[in-house]
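Peer 1: Quick one: structure below, then a few questions.
The values are calculated or read from the model by the stated rules, or taken from the named source; none is laboratory data. In this text the structure is predicted, and so the values were computed from the model without any measurement. Here the Cβ positions follow ideal geometry from the backbone for every residue, glycine too, while neighbour counts run over all protein chains shown.
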Amino acid sequence: MARYGMVIDLDLCIGCNACTMACKAEHGTQPGVFWSYVLQKEFGKTPRVTRLFLPVLCNHCENAPCEEVCPSGATHRNADGLVLVDYDKCIGCKACITACPYDVRYYIEEEEYYFPATPIPYGVDELRGYEKIVQKCSFCADRLATGLDPRCVETCPTYCRHFGDLDDPASKAAEAMRNERTFALRADAGTTPRVRYIQNKNLDIVTIK
């Protein structure tokens, strides 16, 4: 089976949040819930100022602490190594949220809508009817099953996201992973994340950990 991963080139990310909105449209997440989002920070002083955009999502870690602490087996790994949540098994204990070092999981106390009783977008029912459970990015596992890339990858206007099978040397992700400037967030956590970044050439990696 594939071992999917993603490499994000910080030189190319422009902070447009197209990935953020595409993710919400694809999965129908409710207000305040962002499986993918973009952090930003400015460095330097006028007139030499650099802004860093840092897309964040579930890292689908090889050594996922969320999976280890889940008491019900809701957080599990599929055949492709993706870390997923079975909503029917989730008991809402939030242990996985506490264990995750990346702040990318959301507890859903009750189902909410942007407009009263009106799911947006219409017809996306993936998350409808689930309450008191935890949600997070799934790497669009349903799209991968049909041969498509995750929606955030497909939507990015600068093609800063490289996705594919890390065990396939010819895949875009594997090629990007060989870039000498790649790094992982919170490498000190020992999670071996499958999401890595190509360091912005204008910034020292130490400043963005």
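Peer 1: Taking the range 97-147 on its own, how many of its residues are part of a helix (DSSP H, G or I) and closer than 19 Å to ARG161 by Cβ? Break it down stepwise before answering.
Peer 2: From the range 97-147, those part of a helix (DSSP H, G or I) are 97-99, 141-144; that's our starting set.
Checking which are closer than 19 Å to ARG161 by Cβ leaves us with 141-144.
Count: 4.
Peer 1: Which of the residues that make up the range 44-99 are without any contact (Cβ under 8 Å) to a residue 40 or more places away in the chain, within 27 Å of ALA18 (Cα to Cα) and small (Gly, Ala, Ser)?
Peer 2: Within the range 44-99, GLY44 is the sole residue that qualifies.
Peer 1: Of the numbered conditions (1) in contact with a strand residue (DSSP E or B) (Cβ under 8 Å, 6 or more places away or on another chain); (2) surrounded by 19 or more Cβ atoms within 10 Å (Cβ to Cβ), CYS23 fails exactly one; give the number of that condition.
Peer 2: It fails just one condition, (1).
Peer 1: Within the range 148-162, which residues are surrounded by 12 or more Cβ atoms within 10 Å (Cβ to Cβ), outside any helix (DSSP H, G or I) and among the hydroxyl-bearing types (Ser, Thr, Tyr)? Steps first, please.
Peer 2: First, the residues of the range 148-162 that are surrounded by 12 or more Cβ atoms within 10 Å (Cβ to Cβ): 148-156, 158, 160-162.
Pick out the ones that are also outside any helix (DSSP H, G or I) and you get 148-150, 156, 158, 160-162.
If the condition is that a residue be surrounded by 12 or more Cβ atoms within 10 Å (Cβ to Cβ), outside any helix (DSSP H, G or I) and among the hydroxyl-bearing types (Ser, Thr, Tyr), then THR158 is the only one that fits.
Peer 1: Name every residue in the range 113-138 that is touching a helix residue (DSSP H, G or I) at 6+ places or on another chain (Cβ under 9 Å) and within 25 Å of ASN78 (Cβ to Cβ), in order of residue number. Break it down stepwise before answering.
Peer 2: Start the filter on the range 113-138 by keeping residues that are touching a helix residue (DSSP H, G or I) at 6+ places or on another chain (Cβ under 9 Å), which leaves 120-121, 124, 126-127, 134-138.
Result: VAL124, GLU126, LEU127, VAL134, GLN135, LYS136, CYS137, SER138.
Peer 1: Right, here's the next one. Just one of THR46, THR50, THR75 is modelled with pLDDT under 95 and either surrounded by 15 or more Cβ atoms within 10 Å (Cβ to Cβ) or touching a Gly at 6+ places or on another chain (Cβ under 9 Å) (or both); which is it?
Peer 2: Details: THR46 fails: either surrounded by 15 or more Cβ atoms within 10 Å (Cβ to Cβ) or touching a Gly at 6+ places or on another chain (Cβ under 9 Å) (or both); THR75 fails: modelled with pLDDT under 95.
Exactly one residue qualifies, and that residue is THR50.
Peer 1: Scan the range 78-98 residue by residue and report those that are among the hydrophobic types (A, V, I, L, M, F, W, C) and either at pLDDT below 95 or under 18 Å from LEU57 (Cβ atoms) (or both).
Peer 2: Residues of the range 78-98 among the hydrophobic types (A, V, I, L, M, F, W, C): 79, 82-85, 90-91, 93, 95-97.
If the condition is that a residue be among the hydrophobic types (A, V, I, L, M, F, W, C) and either at pLDDT below 95 or under 18 Å from LEU57 (Cβ atoms) (or both), then ALA79, LEU82, VAL83, LEU84, VAL85, CYS96, ILE97 are the ones that fit.
Peer 1: What is the one condition in (1) at pLDDT 95 or above; (2) more than 24 Å from ALA2 (Cβ to Cβ) that HIS162 does not satisfy?
Peer 2: For HIS162, the exception is condition (2).
Peer 1: For residues that are assigned to a loop (DSSP other than H, G, I, E, B), surrounded by fewer than 21 Cβ atoms within 10 Å (Cβ to Cβ) and modelled with pLDDT under 95, tally how many sit in the range 191-209. Full working, then the answer.
Peer 2: Kept after step one, since they are assigned to a loop (DSSP other than H, G, I, E, B), are these residues of the range 191-209: 191-194, 199-204, 209.
Next cut, surrounded by fewer than 21 Cβ atoms within 10 Å (Cβ to Cβ) only: 192, 199, 201-204, 209.
Now drop any that are not modelled with pLDDT under 95, which leaves 199, 201-204, 209.
The qualifying residues number 6.
Peer 1: Could you tell me how many of the residues in the range 90-112 are among the basic types (Lys, Arg) and surrounded by fewer than 18 Cβ atoms within 10 Å (Cβ to Cβ)? Let's see the steps before the verdict.
Peer 2: Restricting attention to the range 90-112, the residues satisfying the condition of being among the basic types (Lys, Arg) are 94, 105.
Of the ones still in play, those that are also surrounded by fewer than 18 Cβ atoms within 10 Å (Cβ to Cβ) are 94.
So the answer is 1.
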